[in-house]
Amino acid sequence: MRRALVSVTDKTGVVDFAKGLEKLGFEVVSTGGTLKALQEGGVKAIGIEQVTGFPEILDGRVKTLHPKVHGGLLYRRDDPKHVETIKEMGITPIDLVCCNLYAFDKALEKHADLPEMVENIDIGGPSMIRSAAKNFKDVLIVTEPGDYNDVLKALENHTDDFKFRMNLAYKAYSKTAAYDTMISKYFASQLDK
């Protein structure tokens, strides 16, 4: 069974996407509010703590930053040493990540104070996105709700080829670059105050 990790702030269309993944034979793993939304929507998702063996801590600041997540994303399926390490460590492969980031932009728009801005800086999301995108040959990275249908169709029709996957990785790196730039500009603006 293939495994998908779904953890999103923008939940637009995510229940239907996860149901589509389940229909295609994926086990869905999720976190916090996304897990709750998926389960309420009828998806048989499991919590990330069932993968990591470790609960979400620090008010959700740490939930996916774990070797059982990133090992499952980053190992090269065509490298026998990587495959052996994954088996030895009891790490299950993660074949798809669906992730978008904390709404730093929305906090910025409402002129939130510094503590709220800091809490809207996503750490685990960009880490998962970058891990999946780095290993795009083996892991699909989905960062935009607008791509959900195309991804499901590609999986169903076995057209999730190298270029399709690389295009999703391109979008993922563009998203994390823009996100980090927005945060950097915010911090720069605070230095002038």
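The values are calculated or read from the model by the stated rules, or taken from the named source; none is laboratory data. This structure is a prediction, so every number in the text was calculated from the model and none was measured. Cβ coordinates were reconstructed from backbone atoms using ideal geometry, including for glycine residues, and neighbour counts include every protein chain displayed. The protein model used for the area step is the full one, side chains on, heavy atoms only, and it has no ligands, DNA or RNA in it. Shrake-Rupley method; radii C 1.70, N 1.55, O 1.52, S 1.80 Å.
For F162, the accessible surface of its heavy atoms amounts to roughly 110 Å² (probe 1.4 Å, protein chains only, rounded to the nearest 10). The alpha carbon gyration tensor of the range 31-134 gives principal lengths a ≥ b ≥ c with a/c of 1.5 or higher and a/b greater than b/c, which makes the shape prolate. Each Lys or Arg adds one and each Asp or Glu takes one away; over the other residues whose Cβ falls under 13 Å from the Cβ of A107, this sums to -4.
Leaving out ligands and nucleic acids, and using a 1.4 Å probe, what accessible area per residue does the chain come to in Å²? Spell out each step's value before the answer.
Working: 10410 Å² over 193 residues.
With the other protein chains kept in place, the chain gives 54 Å² per residue.
Which FRET efficiency, nearest 0.05, do M1 and I123 yield, Cβ-Cβ r, R0 30 Å? Efficiency for this residue pair is about 0.55. Once neighbouring chains are kept in place and the probe is 1.4 Å, which whole percent of the accessible area of the range 2-191 is contributed by carbon and sulfur? Accessible surface attributable to carbon and sulfur in the range 2-191 totals 55 percent.
Would you please give the FRET efficiency between L24 and L114, computed as 1/(1 + (r/R0)^6) with r the Cβ-Cβ distance and R0 = 41 Å, to the nearest 0.05? Efficiency at R0 = 41 Å is approximately 0.40.
Using a Förster distance of 25 angstrom, determine the FRET efficiency expected from the C-beta separation of E84 and F54, and round it to 0.05.
Step by step, r from the Cβ atoms, then E = 0.55.
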